[in-house]
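Heads up: the structure comes next, in structure tokens.
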Amino acid sequence: MDSYWIQRITHDCRFYSSLNHLNCEAFLPRNCYPIIDLKYDNNPSKGALSIGIKLKLVTGTYMTQDKRASFTKYESPTCKLCDEGDEDIEHLLLKCKILENIRHPFLKQLDDFLIRETTISFYNMTTDTRLQLILDCTKINHRRPDIILNKQVEQNCELISRKLCFALHSIRARTLNQQKEKKKVKLKR
Ligand SMILES: [Zn+2]
């Protein structure tokens, strides 16, 4: 039964481009999938909220502006925070200038940690490898075979990237809500 589901999931994952960053091979029945594991999170209730956002991002179901625009002709794919370029996952996680102050301390922490543990700097990685590290670090060696992370390093990378994703999501949501409220006030006048 177990081998059936392992084979089925690893096989089916290949046909969904939105699951490109998810490490489907890490699926083991009765074992917690690494990126939803709260065991090492010192704030499990906040961690649980963060996992929801992380899962949406890694499975391509997070509603970025480019995705919204693909559903309706009334929406533009341009980022509503910075107005510079389309907002996709890469823009949100790595590029949007408005979120740089939020992003920087987490990426610095990730970089310091990686240099200490692997001698490889986060900032020397390609954009795709950086995205992979943030979204599901257990699949990093699919992008960079020379990077092998042990379980403890994976857990720490996951904790940092989980917090990063949640912080970016929270500030993005708050800023977009503020923009909406301002528009409502203008319309009332
Ligand atoms: Zn932006």
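The residues in the stretch 43-78 that are among the hydrophobic types (A, V, I, L, M, F, W, C), under 27 Å from residue 159 (Cα atoms) and surrounded by fewer than 16 Cβ atoms within 10 Å (Cβ to Cβ) can be counted, and the count is 3.
The number of residues in the stretch 93-110 that are near the ligand (Cβ under 9 Å from one of its atoms) and under 17 Å from residue 129 (Cβ atoms) comes to 1. The criterion of being out of contact with any helix residue (DSSP H, G or I) (no Cβ under 7 Å at 6 or more places or on another chain) and modelled with pLDDT of 95 or more holds for residue 173.
Restricting attention to the stretch 51-78, the residues that are farther than 24 Å from residue 138 by Cα, outside any loop (DSSP other than H, G, I, E, B) and of a type outside the set (Phe, Trp, Tyr) total 7. Selection of first residues in the stretch 51-71 that are within 16 Å of residue 172 (Cα to Cα) and touching a residue at least 40 places away in the same chain (Cβ under 8 Å) and of second residues that are buried (at least 16 other Cβ atoms within 10 Å of the Cβ) and of a type in the set (Gly, Ala, Ser), restricted to Cβ pairs under 9 Å at least 6 apart or on distinct chains, gives the following pairs, ordered by first then second residue: 54/161.
There is at least one residue in the stretch 122-130 that is within 16 Å of the ligand (Cβ to nearest atom), part of a helix (DSSP H, G or I) and closer than 27 Å to residue 176 by Cα. The listed residues are 165, 96, and the only one of them that is in contact with a helix residue (DSSP H, G or I) (Cβ under 6 Å, 6 or more places away or on another chain), at pLDDT 95 or above and not aliphatic (A, V, I, L, M) turns out to be 165. Can you tell me which residue within the stretch 135-189, out of those that are surrounded by 12 or more Cβ atoms within 10 Å (Cβ to Cβ) and small (Gly, Ala, Ser), is farthest from residue 41 (Cα to Cα)? Ranking the qualifying residues of the stretch 135-189, first place goes to 170.
Residue 117 meets each of the listed conditions (1) more than 18 Å from residue 42 (Cβ to Cβ); (2) at pLDDT below 90; (3) in a helix (DSSP H, G or I) apart from (2).
Are any residues in the stretch 98-137 among the aromatic types (Phe, Trp, Tyr) and closer than 26 Å to residue 173 by Cα, and if so, which ones? Please lay out each step first, then the result.
As a first pass, look at the stretch 98-137 and keep what is among the aromatic types (Phe, Trp, Tyr): 106, 113, 122-123.
Hit for the stretch 98-137 is 106, nothing else.
Residue-wise test of (1) among the β-branched types (Val, Ile, Thr); (2) within 27 Å of residue 19 (Cβ to Cβ); (3) out of contact with any strand residue (DSSP E or B) (no Cβ under 8 Å at 6 or more places or on another chain).
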residue	(1), (2), (3)
91	no, yes, yes
99	no, yes, yes
107	no, yes, yes
119	yes, no, yes
126	yes, yes, yes
134	yes, yes, yes
140	yes, yes, yes
143	no, yes, yes
148	yes, yes, yes
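Suppose the filter is assigned to a helix (DSSP H, G or I) and either within 12 Å of the ligand (Cβ to nearest atom) or surrounded by 16 or more Cβ atoms within 10 Å (Cβ to Cβ) (or both); does residue 81 pass it? Against the criterion (assigned to a helix (DSSP H, G or I) and either within 12 Å of the ligand (Cβ to nearest atom) or surrounded by 16 or more Cβ atoms within 10 Å (Cβ to Cβ) (or both)), residue 81 does not qualify.
The values are calculated or read from the model by the stated rules, or taken from the named source; none is laboratory data. Here the structure is a predicted model, which means the values were calculated and not measured. A quick note on method: Cβ atoms are made from the backbone with ideal geometry, for glycine too, and the neighbour counts reach across all protein chains shown.
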